[in-house]
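Below you'll find the structure, written out as C-alpha cells, and then a few comments.
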C-alpha cells in the first residue's frame with residue numbers, strides 16, 4: 001500500500017501550508033481516492049504579504065525551521081478550528097532553484113504538528129539539479145515524513161528533530177486555561193516574555209524585582225499569542241533550556257486579564273513597552289469599554305505591575321513617560337533608571353544574529 005493510500009485510510013485530518021516548493025505534494029494527495037478524508041484545507045502563501053498574514057508578521061527568515069514550525073502550527077490550529085479530531089498541520093518553506101540568483105544552499109524546511117508532538121525536517125537539495133527534480137525529491141521526503149510522524153513508519157535520509165510533549169504539556173495547546181511550572185513556585189512574582197532569545201537583561205529585571213518586593217520570582221512563557229500561531233513544543237523546549245537557574249511557568253493565555261485568572265494577587269514585572277500595550281484599545285478590538293472591563297478585572301484579582309524603563313527611538317522611557325488609563329496606572333509601581341537600566345533587547349539580538357547569518361552566506 002502506498003503512503004498516500006495509508007494516510008487516506010487513517011483517521012488523520014490535516015491542513016497544509018506550503019511555500020517556496022513542495023506544492024506538488026497537494027496534487028499527489030488529491031490524485032489518490034479518499035483525499036477528502038485527509039485534506040481539510042491547504043494554502044500556498046507565496047507572496048511575502050500572504051506569508052506575513054498567515055503568521056501574524058513577516059518571518060525574519062523565510063526558509064528556516066522556525067518559519068516551517070510556525071506554518072505547521074498555524075495549519076494545526078486551522079485544522080482544529082474545522083472540527084473533528086486527530087488533527088495535524090504541515091508547514092513547508094523551501095528555497096529551490098529559480099530564475100533569480102540566490103544566496104546559500106538550496107534547501108527545504110518543513111514541520112508536522114499534532115496535539116502530542118512537533119516534528120521538524122530538513123533537506124539539502126543539489127543546487128545543480130533542475131527545479132522539477134528538486135521538487136520531486138522534496139515531495140518524496142515529505143511523504144516519508146508524514147508516514148514517520150503519523151503512521152509510525154520508519155524514515156531515513158532526513159535530518160529530523162522530534163519532540164513528543166510530556167502529558168503535563170499537552171493541555172497547553174487546548175482552549176481551556178492552563179498553567180504548568182518547571183519547579184515549585186507560588187506564582188506571585190512573574191516576569192512574562194517570549195524570551196526569543198533570553199538574555200542577561202531578563203535576569204537583571206528579575207533580580208531587581210525580587211529585591212523590591214521580597215518575593216521569589218519566576219519567568220512566564222506563554223505558548224499563545226493573539227496575533228500569531230502558538231509556540232510549538234520544540235520551540236518551548238529550546239527556550240526553556242536557555243532560561244536556566246529559575247523556575248518557568250508555561251501558560252496558554254495571551255492577555256494579561258486572562259493571565260490574571262491563572263495568577264490572582266500576582267505582581268507582573270514588565271518593561272514600559274509592554275505596559276503601554278496593556279492600555280491600548282487596539283488590543284481590545286478598539287473598544288474602550290472592553291479595555292476598561294479588562295482593567296477592572298485586573299483590579300478585582302489584585303494584580304500589580306512593577307514597571308521598568310526601556311529604551312526606544314526617543315531615549316530611555318519610564319512609567320512616567322507613557323500614557324495609561326488612570327485605573328491601570330494605579331496598579332503600577334515605577335522602577336527608576338538609577339535602579340535598573342539595561343538596553344539589551346531580544347529583537348536587537350535576533351537582528352544582529354540575522355546579519356551575521358546573511359554575511360556568512362556571501
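Values quoted throughout were computed directly from the atomic coordinates according to the rules given, and no laboratory measurement underlies them. Values in this document were obtained by computation on a predicted structure and should not be read as measured data. All Cβ positions, glycine included, derive from the backbone under ideal geometry; neighbour counts span all protein chains shown.
Order the peptides 198-207, 12-21 from the highest to the lowest mean number of other Cβ atoms within 10 Å of their residues.
Details: 198-207: 17.3, 12-21: 24.8.
Going from most to least packed, we get 12-21, 198-207.
What do you get for Rg/Rh over the stretch 170-348 if you use C-alpha atoms and the Kirkwood form of Rh? Intermediate values should be presented prior to the final figure.
Details: Rg = 15.5 Å, Rh = 16.7 Å.
Rg/Rh: 0.93.
Using alpha-carbon pairs under 8 Å, 6+ residues apart, how would you state the relative contact order of the stretch 159-220 in percent? Relative contact order of the stretch 159-220: 35 percent. In plain terms, the residue of 322, 3 with the fewest other Cβ atoms within 10 Å comes first and the most crowded comes last, giving 322, 3. Residue-normalised convex hull volume from the C-alpha trace of the stretch 1-76: 90 Å³ per residue.
Peptides 130-139, 266-275 ordered by packing proxy, namely the average of other Cβ atoms within 10 Å per residue, highest first: 266-275, 130-139.
Taking N as the residue count of the chain, its C-alpha radius of gyration divided by 2.2 N^0.38 Å amounts to 1.09.
With a 10 Å Cβ neighbour count serving as the proxy for reagent exposure, in which order, fewest first, do 291, 224 appear? Mind dumping the intermediate values first?
Working: 291 22, 224 19.
Exposure proxy ranking, most exposed first: 224, 291.
Counting neighbouring Cβ atoms within 10 Å and putting the fewest first, the residues 156, 228, 85, 259 line up as 156, 85, 228, 259.
Structural descriptor for the chain: relative contact order 13 percent, calculated from alpha carbon pairs under 8 angstrom and at least 6 residues apart. The spacing between the stretch 160-187 and the stretch 267-292, judged by their C-alpha centroids, is 26 Å. Between helix 288-300 and the chain there is an angle of about 70 degrees, using the helix long axis and the longest principal axis of the Cα atoms.
Here the relative contact order of the stretch 170-348, from alpha carbon pairs under 8 Å that lie six or more residues apart, stands at 25 percent. With all projection directions averaged, the alpha carbon convex hull of the stretch 3-164 covers 9.0 nm². Helix 65-81 axis versus longest C-alpha principal axis of the chain: approximately 90°, rounded to the nearest ten.
From most to least packed by mean Cβ count within 10 Å, the peptides 304-311, 147-154 give 304-311, 147-154. Out of all DSSP beta bridges in the chain, what portion is antiparallel? Express it as a percent rounded to 5. Counting only bridges with both partners in the chain, antiparallel ones make up about 50 percent.
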